[in-house]
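First up is the structure itself, then whatever we jot down about it.
The values are calculated or read from the model by the stated rules, or taken from the named source; none is laboratory data. All figures in this text were calculated on a predicted structure; none of them were measured in a lab. Every residue, glycine among them, receives a Cβ derived from its backbone with ideal geometry; neighbour counts consider all protein chains shown. Surface areas here come from the heavy atoms of the whole protein model, side chains and all, with no ligands, DNA or RNA. Shrake-Rupley method; radii C 1.70, N 1.55, O 1.52, S 1.80 Å.
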Amino acid sequence: MSELEDIELDALMMVIHRRYGYDFSGYTRSCLLRALSKQLAVWKLQNISELIPLIIRSSLHFNCLMADLSMSVTGMFRNPEFYRALCDEVFPVLKSFPFFKIWHAGCSSGEEVYSLAILLQEAGLYERAIIYATDFNHRNLKVAKEGIYSRDSLSNYREAYSASGGNRELDDYFHFAYGRGVVKDELKSRITFAHHNLTCDGIFGEMEVILCRNVLIYFADTLKSRVLTLFGDSLYPGGFLCLGDKESLQKANTSQLFKAVNSNVKIFRKNWDEVHSLVDVPYH
Ligand SMILES: C[S@@+](CC[C@H](N)C(=O)[O-])C[C@H]1O[C@@H](n2cnc3c(N)ncnc32)[C@H](O)[C@@H]1O
């Protein structure tokens, strides 16, 4: 990255922050550049600074840019081995509680949270769950709340659903019409979707589980530390933190807050001196 590009990027981030309230200064420069290059090509622009006059006056243009800056790639049952481990190593602990709260941070368009809801239902735990699914992108949240996905994309998830331990037909959870599947109401019943920005908003309550997968990968070390501290503060002692397979606690100065439960699939547990076993740990 040239010095000029560096200055242009700072200027653009400052404009986005002041005009629209989103602070991207803590994201890695490389991921911001990747996201911006797509929109530069679409709008046939040469330099990052040319984006400034476009977005400062037009929220429509900003929304297009925001879609790329959010890096919203997602899917149902991504990394089936993670879901297997969740069922085998986390659900047995949740079974010991009459109710439990789960925070799904960076839920994108909802596929991941519905995957979790399906597995909780099949484990007989869904009625005990209170799930908060948050994202900072309003468009993603709208899609997530609606829970409408193309039939083609849903059929692509069947294999991953079985590999994750699913024991019914994935189609059972959807109503189909006009080539699209709509998530059935009972699967939405325990989920609350809400806006939450990890760069500036506070703790979200005391949770038994936090899932934040494939989000921290875009954050530089300082922001990553802030968010991991926020997660530590939002979990009961012994609560579980689930990250994406390319994410880690290293370099964030927060690794002492958590211990690994399954480091292959990045499931951690908030440290608590008296936590010795994975089952029967009283949080409350
Ligand atoms: C790559 S997607 C991951 C989606 C899902 N967790 C998964 O693994 O399939 C990243 C998501 O994080 C959200 N995100 C990025 N920065 C955020 C922030 N500061 N606060 C809240 N959500 C954020 C994006 O809008 C996007 O939906």
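Quick notes
- Single residue of LYS44, LYS38 found to be at pLDDT below 95 and open to solvent by 60 Å² or more (accessible area, probe 1.4 Å): LYS38
- Unique match (being assigned to a helix (DSSP H, G or I), farther than 17 Å from ARG139 by Cβ, in contact (Cβ under 8 Å) with a residue 12 or more places away in the chain and not assigned by TED's automatic domain parsing to the domain that holds SER225) among LEU65, LEU33, LEU54: LEU33
- The number of residues in the stretch 224-270 being charged (D, E, K, R) and surrounded by fewer than 18 Cβ atoms within 10 Å (Cβ to Cβ) comes to 6.
- Screening PHE176 on (1) touching a Phe, Trp or Tyr at 6+ places or on another chain (Cβ under 6 Å); (2) farther than 22 Å from ARG128 by Cβ shows it passes everything except condition (1).
- Restricting the stretch 71-107 to residues that are modelled with pLDDT of 95 or more and among the hydroxyl-bearing types (Ser, Thr, Tyr), the residue that is farthest from LEU154 (Cα to Cα): SER96
- Taken over the stretch 16-35, the residue count meeting the criterion of being among the small types (Gly, Ala, Ser), under 21 Å from ASN63 (Cβ atoms) and open to solvent by less than 60 Å² (accessible area, probe 1.4 Å) is 2.
- Scanning the stretch 209-223 for residues that are open to solvent by less than 30 Å² (accessible area, probe 1.4 Å) and away from the ligand (no atom under 11 Å from the Cβ) turns up VAL209, ILE210.
- Selection status of HIS195, in contact with a Leu (Cβ under 7 Å, 6 or more places away or on another chain), within 13 Å of the ligand (Cβ to nearest atom), open to solvent by 40 Å² or more (accessible area, probe 1.4 Å) and not assigned by TED's automatic domain parsing to the domain that holds ASP23: yes
- Residue match in the stretch 144-167 (condition: within 16 Å of the ligand (Cβ to nearest atom), among the β-branched types (Val, Ile, Thr) and either at pLDDT 95 or above or out of contact with any strand residue (DSSP E or B) (no Cβ under 7 Å at 6 or more places or on another chain) (or both)): no
- Listed by first and then second residue, the pairs with beta-carbon distance under 8 Å, at least 6 apart or on different chains, first residue in the stretch 137-153 and farther than 21 Å from TYR22 by Cβ, second assigned to a helix (DSSP H, G or I) and open to solvent by less than 80 Å² (accessible area, probe 1.4 Å), are GLY147/TYR114; GLY147/LEU187; GLY147/LYS188; TYR149/GLU111.
- One residue alone among MET13, MET1 is aliphatic (A, V, I, L, M) and either in the same structural domain as GLY244 (by TED's automatic domain parsing) or open to solvent by 20 Å² or more (accessible area, probe 1.4 Å) (or both), and that residue is MET1.
- In the condition set (1) over 19 Å from the mean Cα position of the chain (by Cα); (2) not assigned by TED's automatic domain parsing to the domain that holds ASP245, ASP88 is compliant with all but (2).
- Any hit, the stretch 162-178, residues being within 26 Å of GLY239 (Cβ to Cβ) and open to solvent by 20 Å² or more (accessible area, probe 1.4 Å): yes
- Only helices (runs of 4 or more DSSP H) whose full extent lies in the stretch 125-242 are considered here, and the ones with at least 2 residues that are touching a Lys or Arg at 6+ places or on another chain (Cβ under 8 Å) are 158-163, 221-234.
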